[in-house]
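Below is one structure, written out as structure tokens, with a few remarks after it.
Laboratory data are not the source of any read-out in this text; all were calculated from the coordinates shown. Everything numeric in this text was worked out from a predicted model, so none of it was measured. When we count neighbours, we look across all protein chains shown, and the Cβ atoms used for this are built from the backbone with ideal geometry, even at glycine.
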Amino acid sequence: MRQKIVAGNWKMNNDLNQGLELAEAIINLQHEIPEDVHVIMAPPFIHLADIHRKVKDTRLKISAQNCAEEEKGAFTGEVSASMVRSTGSEYVIIGHSERRAYYNETDDVILKKINLALKNDLYPIVCCGEKLEQRENGQYFNVVREQLENTIFKLSSEEFSKVILAYEPVWAIGTGKTATPEEAQEMHQFIRKLVKDNFSDNAAEDTSILYGGSCKPSNSTELFKQDDIDGGLIGGASLKSKDFVELTKTFS
Ligand code: PGA
């Protein structure tokens with residue numbers, strides 16, 4: 001079912017104590033979160049189990065920011081999807097543009113991760129989005145279509161029903177430059193149409209598509225108001241409890 005979602009991607013910020021404090025501050029404000037908004041926090045791996053203990057009796061959910069592309073074994077430094085699930089996390093972000101850019105994650109790797117997430121009962125939050133030059137040279141629809149064709153459109157409809165999508169134009173991430181509500185809506189509508197063509201009307205109607213890229217309380221009302229925008233994947237503004245909770249109140 002299509003849901004309103006605000007997901008906070010903490011990235012590589014906050015040591016364990018700071019992370020627990022931030023989670024606690026968000027929990028203390030949870031009474032302000034509208035009932036129909038689903039809130040997910042994605043801290044670094046090492047926080048997951050401890051934060052899960054704090055949120056388990058609340059409406060807040062947790063997500064990892066990544067998982068390994070292999071199931072288990074001699075992969076020093078990696079964290080598997082099953083390990084993520086064992087912490088109490090229900091979600092995992094896959095294919096973030098920072099993973100694509102700095103860790104050379106290809107669509108093939110991303111598809112392997114999505115499959116492992118699904119196999120381990122995690123909801124994948126799958127990111128797509130174009131770079132600045134691709135926006136400027138008019139390639140953005142093709143880029144996003146190809147990212148989706150190489151990954152989620154290879155899933156069965158049943159598998160796809162567990163997927164949350166996030167459109168994150170790379171030029172808007174951490175730059176303070178947001179896509180205009182019209183630019184974001186245009187792409188979200190395009191993505192929903194692709195979902196319809198690849199799966200069904202129902203799948204298109206039920207898929208939550210989040211916007212990400214310098215989304216904050218001062219611009220989220222206009223973004224979340226758009227027909228095809230179902231919420232946000234939030235970086236910078238998710239590190240401040242007040243801003244993060246404020247964002248959940250900006251759906252119309
Ligand atoms: P930002 O990050 O909100 O800091 O731009 C968004 C993201 O990368 O998910």
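A few notes on this one:
- The selection criterion, being exposed (fewer than 14 other Cβ atoms within 10 Å of the Cβ), more than 19 Å from ALA237 (Cα to Cα) and not hydrophobic (A, V, I, L, M, F, W, C), does not hold for TYR91.
- Restricting the stretch 223-237 to residues that are part of a helix (DSSP H, G or I) and out of contact with any Leu (no Cβ under 8 Å at 6 or more places or on another chain) leaves a set whose member that is farthest from the ligand (Cβ to nearest atom) is PHE224.
- Meets criteria (more than 11 Å from the ligand (Cβ to nearest atom) and either of a type in the set (Lys, Arg) or surrounded by fewer than 18 Cβ atoms within 10 Å (Cβ to Cβ) (or both)) for LYS240: yes
- Residue in the stretch 77-96 that is part of a helix (DSSP H, G or I) and within 16 Å of the ligand (Cβ to nearest atom) present: no
- Yes/no for ARG59 being farther than 22 Å from CYS127 by Cβ, away from the ligand (no atom under 16 Å from the Cβ) and within 18 Å of the chain's Cα centre (by Cα): yes
- Taken over the stretch 17-42, the criterion of being within 20 Å of ARG53 (Cβ to Cβ), touching a helix residue (DSSP H, G or I) at 6+ places or on another chain (Cβ under 8 Å) and among the acidic types (Asp, Glu) is satisfied by GLU24 alone.
- The stretch 29-48 - residue that is in a loop (DSSP other than H, G, I, E, B) and in contact with a Gly (Cβ under 8 Å, 6 or more places away or on another chain) and, of those, surrounded by the most Cβ atoms within 10 Å (Cβ to Cβ): PRO43
- Subset of the stretch 174-205 [among the acidic types (Asp, Glu) and free of Cβ contacts under 8 Å to residues at least 60 places away in the same chain]: GLU182, GLU183, GLU186, ASP197, ASP201
- Taking the stretch 199-252 as the range and being among the charged types (D, E, K, R) and closer than 25 Å to SER157 by Cβ as the test, the residues that pass are ASP201, GLU205, ASP206, ASP227, ASP228, ASP230.
- Screening the stretch 112-222 for helices (runs of 4 or more DSSP H) wholly inside it with 3 or more residues that are within 16 Å of the ligand (Cβ to nearest atom) returns the ranges 181-198.
- Residue in the stretch 57-74 that is more than 27 Å from LYS131 (Cα to Cα), in a helix (DSSP H, G or I) and of a type outside the set (A, V, I, L, M, F, W, C) present: no
- Any hit, the stretch 69-86, residues being surrounded by 18 or more Cβ atoms within 10 Å (Cβ to Cβ), within 17 Å of the chain's Cα centre (by Cα) and more than 16 Å from ALA117 (Cα to Cα): no
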